[in-house]
1. Mind checking which pairs have a first residue in segment 239-258 that is at negative phi and surrounded by fewer than 12 Cβ atoms within 10 Å (Cβ to Cβ) and a second that is among the small types (Gly, Ala, Ser) and modelled with pLDDT of 95 or more, Cβ under 9 Å, 6 or more apart or different chains?
2. Only residues that are touching an Asp or Glu at 6+ places or on another chain (Cβ under 7 Å), among the small types (Gly, Ala, Ser) and at pLDDT below 95: list them for segment 63-102, please.
3. Considering only segment 53-64, state which residues are crowded, with 24+ Cβ neighbours inside 10 Å and among the polar types (S, T, N, Q).
4. Which of the residues belonging to segment 147-179 are under 17 Å from the mean Cα position of the chain (by Cα), polar (S, T, N, Q) and in a loop (DSSP other than H, G, I, E, B)?
5. Scan segment 1-24 for residues that are closer than 10 Å to SER43 by Cβ and either exposed (fewer than 15 other Cβ atoms within 10 Å of the Cβ) or without any contact (Cβ under 8 Å) to a residue 60 or more places away in the chain (or both) and report the count.
6. Those residues that are within 19 Å of ARG273 (Cβ to Cβ) and surrounded by fewer than 18 Cβ atoms within 10 Å (Cβ to Cβ), I need them from segment 32-52; list them, please.
7. Can ALA66 be described as assigned to a loop (DSSP other than H, G, I, E, B) and either of a type in the set (Phe, Trp, Tyr) or in contact with a Phe, Trp or Tyr (Cβ under 7 Å, 6 or more places away or on another chain) (or both)?
8. Look through segment 65-91, keep the residues that are crowded, with 16+ Cβ neighbours inside 10 Å and within 17 Å of LEU24 (Cβ to Cβ), and return whichever of them is farthest from the chain's Cα centre (by Cα).
Amino acid sequence: MERFERQLRQAEPGFRELIDRIPLQATPPLPPEWLRVEMLERSLLLRRVPDLEGRTVLEVGSGAHAISTVPLAWRVGGAGRVVALERSRWGQFRPVVTASGLLERIRPVAGDARRLPLRSDAADLAVCLHGLRSLRGDENTVRVVREMLRIAERVVLAESLPIARTDGQRAHLAMYNLRAEVFGASLGVRDDLPYLPLDRLASLVERAGGADVEARTEEIDLPHFLGYFPRTLVEAVPRGRRREELLERWDEAEAMRRRYGADHPPVGIVSARRSRSRFTPGDPERPPPGARGPAD
């Protein structure tokens, strides 16, 4: 946790106070500070996004712990707003947002990102931070980004890359790369797909109608705990050769995690603006702002 403390000391005083308000999490073997670490990582990424102050920002995939929502709400300031879209995994969203003190800046919306329940041009910017891996494939990703570009003139996407330069990054990838296969075999749902290369992310944004696409890589000097999942999920796979292979791979990945920790891989950031040749303003067939989330 030394890197976390070092990075936090370099953050703005107001953000350090915010992080202190975020509840610790009792989810061993992860450290209780894991949510604070992940929020700090999102805040570091958002430093690369200009002109957030006072803006209305659509966040696609707010998730169960508001990991990106809270840093976004802090960066837009008192005059800004975050429209936090999530389909179903609200979990600890309300308690975390309430503890942050930023509830008034956040409007949760329940809906499918492939057909956003918002009017065109409802936001200044649309972002998806570490959520692309849950979109279950290229075609879904293109549909979601196209919708984001309908809602906002600009989009920013950020996702971890399949790059490992340290033993800790290799440990993270060894565990993370098991997730989709194990979840599919034990839960019947392939989620958290393997990370995509940066050029492929950029090409998907172009397919969705993005113009002036910019792609860059950011190094994140922080641990990354969210690749981990318990061995019991592997044990739930039906008995057979596949289960034994997955158990062996999980044990190897866990041994790496215990020895080296888990480092954050480099992060790819892709930004683009709406291509005027592909979109027209307004869409009377779209529904007005709709289903509200659990923080209402």
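1. Filtered contacts from segment 239-258: ARG258/ALA171.
2. If the condition is that a residue be touching an Asp or Glu at 6+ places or on another chain (Cβ under 7 Å), among the small types (Gly, Ala, Ser) and at pLDDT below 95, then GLY63 is the only one that fits.
3. Of everything in segment 53-64, just one residue is crowded, with 24+ Cβ neighbours inside 10 Å and among the polar types (S, T, N, Q), namely SER62.
4. ASN177
5. Final tally of qualifying residues: 5.
6. Answer for segment 32-52, where residues must be within 19 Å of ARG273 (Cβ to Cβ) and surrounded by fewer than 18 Cβ atoms within 10 Å (Cβ to Cβ): ARG48, PRO50, ASP51.
7. So ALA66 fits the description; yes.
8. Among those that are crowded, with 16+ Cβ neighbours inside 10 Å and within 17 Å of LEU24 (Cβ to Cβ), it is VAL70.
The values are calculated or read from the model by the stated rules, or taken from the named source; none is laboratory data. This structure is a prediction, so every number in the text was calculated from the model and none was measured. Here Cβ is always computed from backbone atoms with ideal geometry, including for glycine, and neighbour counts include all displayed protein chains.
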